[in-house]
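The values are calculated or read from the model by the stated rules, or taken from the named source; none is laboratory data. Please read all numbers here as calculations on a predicted model, not as lab measurements. Neighbour counts run over all protein chains shown; Cβ positions are idealised from the backbone, glycine included.
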Amino acid sequence: MSDSSIDQLALTEWPPNKAAEVTSLSGVELVSPTPKSDIAKLLHLPCFLNTHSANKDFCGRDDILKHLATELLPPKNTVTASSTSLKQFVLCRLGGIGKMEIAREFARRHKDSFDAVFWVVADEIAKLDHHYQQISLALGLEDLSECKSQVVSREIVKVWLSNPRKHVPRSDDSVQPGDDSSEATWLLIFDNADDPKILTDYWPQGSGSILLTSRDPSSKDMFTRKPLGLDLGPLSQKDGLFLFNHLTTTSNELEVDTARQIVDALGGIPLATPRWQVLSVDRASL
């Protein structure tokens with residue numbers, strides 16, 4: 001595979017440094033997904049793929065983040081975790097309301113609660129295929145030399161998500177009953193899934209957690225008999241003012257009433273606040 005192909009499959013945070021590599025590759029085995037093969041592979045855990053650093057401008061939304069934690073965090077009891085069905089939650093609303101930033105903040109705050117966190121851009125099939133191939137490589141399910149078909153990589157990843165073992169015995173090994181400590185916990189984030197129907201071939205089973213952001217309210221009803229999600233509202237006036245004052249860098253401080261009027265005019269839409277800031281700075285420089 002050429003250097004350009006390797007660059008295209010660039011991975012992030014798996015692991016972030018050599019020290020982490022020693023601890024994350026500590027003898028965890030996975031049987032090759034090829035049915036006739038008994039070759040065991042080391043599994044790269046913990047694995048955090050395409051996760052994001054902290055957004056210094058993020059504010060508010062604490063109630064939503066607590067709600068997400070209640071719905072998506074794995075049980076601390078390993079026995080309970082192994083018998084838990086798939087958890088899923090959808091953040092809905094039109095663009096600019098902060099769906100992606102809330103998902104990023106949730107993943108950042110709670111990634112240590114999971115053995116693996118995967119961020120997947122889900123607005124088109126090509127990106128889904130690319131990210132699933134990244135996941136396969138990042139976990140060590142496939143070697144770079146084996147990774148030739150995105151369809152195969154997708155199915156390999158789905159098999160692991162459906163049965164995410166930290167240690168999968170070889171065909172001639174016996175499985176100890178009640179050994180729930182070998183099950184890995186994972187969080188899969190489908191971002192910008194405005195056409196959720198395209199996720200059909202990528203939707204896993206198992207006992208992990210899925211967070212989906214979408215403009216389509218019907219996404220809450222897909223892949224589950226129990227719709228679970230939120231139609232996000234605007235920022236509260238308090239949080240809107242905090243964000244506005246945090247982002248405003250003009251030399252003359254605005255009066256509180258004026259700032260409140262601007263925040264109200266922006267409708268509590270987070271994305272509109274930095275845009276207004278740029279506009280105000282441009283006008284001030286004229």
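Taken over region 117-144, the criterion of being of a type outside the set (A, V, I, L, M, F, W, C), surrounded by fewer than 18 Cβ atoms within 10 Å (Cβ to Cβ) and in a helix (DSSP H, G or I) is satisfied by Lys127, Asp129, His130. Among the residues of this structure, Arg154 counts as one that is of a type in the set (Lys, Arg), over 29 Å from Thr70 (Cβ atoms) and modelled with pLDDT of 95 or more.
Each row is one residue, and each column tells you yes or no for (1) more than 16 Å from Ala116 (Cβ to Cβ); (2) modelled with pLDDT of 85 or more.
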| site | (1), (2) |
| --- | --- |
| Val159 | no, yes |
| Gly178 | yes, no |
| Ile189 | no, yes |
| Ala193 | yes, yes |
| Pro196 | yes, yes |
| Ser209 | no, yes |
| Thr213 | yes, yes |
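Every listed requirement among (1) in contact with a Cys (Cβ under 9 Å, 6 or more places away or on another chain); (2) modelled with pLDDT under 85 is met by Val117 save one, (2).
When region 65-96 is filtered for residues that are at pLDDT below 90 and farther than 19 Å from Asp221 by Cα, the ones remaining, listed by number, are Pro75, Lys76, Asn77, Thr78, Val79, Thr80, Ala81, Ser82, Ser83, Thr84, Gly95, Gly96. Starting from residues that are surrounded by fewer than 15 Cβ atoms within 10 Å (Cβ to Cβ) and touching a residue at least 24 places away in the same chain (Cβ under 8 Å), keep the ones in region 199-212 and report whichever is nearest to Lys87 (Cα to Cα). Selected residue: Gln205. Pairing residues of region 109-120 that are within 18 Å of Leu43 (Cα to Cα) with residues that are β-branched (Val, Ile, Thr) and in a helix (DSSP H, G or I), at Cβ distances under 8 Å and at least 6 apart in sequence or on separate chains, gives Phe118/Ile135.
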